[in-house]
Structure formats: C-alpha cells, structure tokens
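The values are calculated or read from the model by the stated rules, or taken from the named source; none is laboratory data. Computed from a predicted structure; not experimentally measured. We place every Cβ from the backbone using ideal geometry, glycine too, and count neighbours over all the protein chains shown. Note: areas computed on protein heavy atoms with side chains; ligands, DNA, RNA excluded. Shrake-Rupley method; radii C 1.70, N 1.55, O 1.52, S 1.80 Å.
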Amino acid sequence: EQGLFIAEGRKMFLEAPDDWIEKVYVAESLLDDEEIMQKAKCFSWDAVENSVFRQMSDTQTPQGVLTVLRQPSYQIEDLLKQESPLLMVLEDLQDPGNAGMIIRTADALGIDGIILSGSCDLYSPKVIRSTMGSIFRTNILIENDTEKLFSMLSENKVTTSAAVIDKDAFDVTKCAFEGLQAIFIGNEGNGLPKDIAERCDRRIIIPMHGSINSLNAAMAAGILMWELKK
C-alpha cells in the first residue's frame, strides 16, 4: 500500500541504490561496523536491540541490517532501451525462489528486462533474497493483463517465443534470435497455458535425453537466456 519493500542483509543494504532507500534498521551488534554505519548514517536510521531485531527479521540467522526501500516503477520503454533488447516473460510463475533465481541469472547474462505476468509477488522477502542484489540492476515490469501485454509487445515489434515441451516445437539450440525478442516461461507445474503459447510467434523446446521431458523453471529459463544471448 505504501509502495515500499524490505531487503535484509549486509550485501543487499550495501548494494541498494541510495535513491531507493527509505529507512534503515541496524541491530546493536552491528553498530561498530564502520562500513555499515558509514552508509546508514546517510539516511534515516534506527538502532534496534538484538532481541527485537530477531523478531523483525524474516530469516533464521539475521545479519543485523534491514533496509526499507521504495518500489521502482518501470515502463515498457525502460526494457526496450537497447538496440536489440532481449526479454523474459514469467507467466504465472509461483515459486519465489525460481523468480528470484531467474532475475539473478538475467542480470548475470545481460538480459535487458523481465516482465512478470500473473506471477508471485516480486517484493516478497524470498524473491528479494534470491535475487542476491540483482533486483537493483534489472528492469522488471509487472503486467497482469494478458491482452495488454501482447498488444504492448506487438506494437514494439517484439518477436515472442513460447517455451514448451511439445515435440514438434523448434529446437532452441537451432533457433536464430534476431532483433527484439521475448521468451515466455510458464508455471512450474503446468507450463504455459495453451492459448498463450499459441499467441506467441513460435514455440521452442530444450532438447532432452532419456525419460526426462521437463526442467525446473529457473534452470530452463537459464538455458533459454544463454541461447538467447548466443
């Protein structure tokens, strides 16, 4: 309601952009930490008793610093700033760990933006932790209206690919990704809805051997992003 979110831990605090930070809470045990305090004193901050901090924390082993940050707002233009932008669309992805890992991988591989559609809360503590700071460096657009999403991609001449397990889909290792591209990844259990897969320009599959016919969503997304960058 207030447009804020919480990030716990030393790494998250030190990497957080200054203009995102609203408030900082530091456990008493960390008040002698020069690196933490040098940055904390640049903002509104409070010292908190260790026992109270443990109750505030969402983790089993609190690191002693909790940052309240403003939620950034992105438009499709922010994701399309590069000459040939590469995007990932997470459709109905429900596992916060998967979402965070995909954001982290996208940051590592230089993907230009991520669109969340009907997926888990981007600002849940588990997603934020799983990004390991990549939330600060990745343009992420939330668009839950499917019609608006496809219209937006079409208007910007973005070629869309649906990641599926259909045997007649294109082998992703043999696909040529040129120009503006977006790959759709679906729900962990059910994959992409049929109507969304059919609306994409093409369907792609990761070739697999043996009796395995699917991968963890974050693992599949990582492979697809690697192929997209190649």
Fill in the blank from the handout: The lone condition A182 fails out of (1) hydrophobic (A, V, I, L, M, F, W, C); (2) surrounded by fewer than 12 Cβ atoms within 10 Å (Cβ to Cβ); (3) within 21 Å of A108 (Cα to Cα) is (2)
Practice task
Among the residues of the range 83-101, count how many are in contact with a helix residue (DSSP H, G or I) (Cβ under 6 Å, 6 or more places away or on another chain) and open to solvent by 40 Å² or more (accessible area, probe 1.4 Å).
Solution key: 1
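Being in contact with a strand residue (DSSP E or B) (Cβ under 9 Å, 6 or more places away or on another chain), in a helix (DSSP H, G or I) and loosely packed, with under 15 Cβ neighbours inside 10 Å, is that true of even one residue in the range 160-176?
Of all residues in the range 160-176, those in contact with a strand residue (DSSP E or B) (Cβ under 9 Å, 6 or more places away or on another chain) come to 160-172, 175.
If we keep only those that are in a helix (DSSP H, G or I) as well, we get 172.
Of the ones still in play, those that are also loosely packed, with under 15 Cβ neighbours inside 10 Å are none.
No - not one qualifying residue is present in the range 160-176.
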Exercise for the section: Being touching a helix residue (DSSP H, G or I) at 6+ places or on another chain (Cβ under 9 Å) and among the polar types (S, T, N, Q) is the filter; apply it to the range 131-150 and report the residue that is surrounded by the fewest Cβ atoms within 10 Å (Cβ to Cβ). Expected result: T146
Handout entry: Selected residue [part of a loop (DSSP other than H, G, I, E, B) and of a type outside the set (K, R)] from Y74, Y25
Key = Y74
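This table checks each residue for (1) of a type in the set (V, I, T); (2) at pLDDT 95 or above; (3) closer than 30 Å to L224 by Cα; (4) open to solvent by 10 Å² or more (accessible area, probe 1.4 Å).
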{"site": "E1", "(1), (2), (3), (4)": "no, no, no, yes"}
{"site": "F13", "(1), (2), (3), (4)": "no, yes, no, no"}
{"site": "E35", "(1), (2), (3), (4)": "no, yes, no, yes"}
{"site": "V65", "(1), (2), (3), (4)": "yes, yes, no, no"}
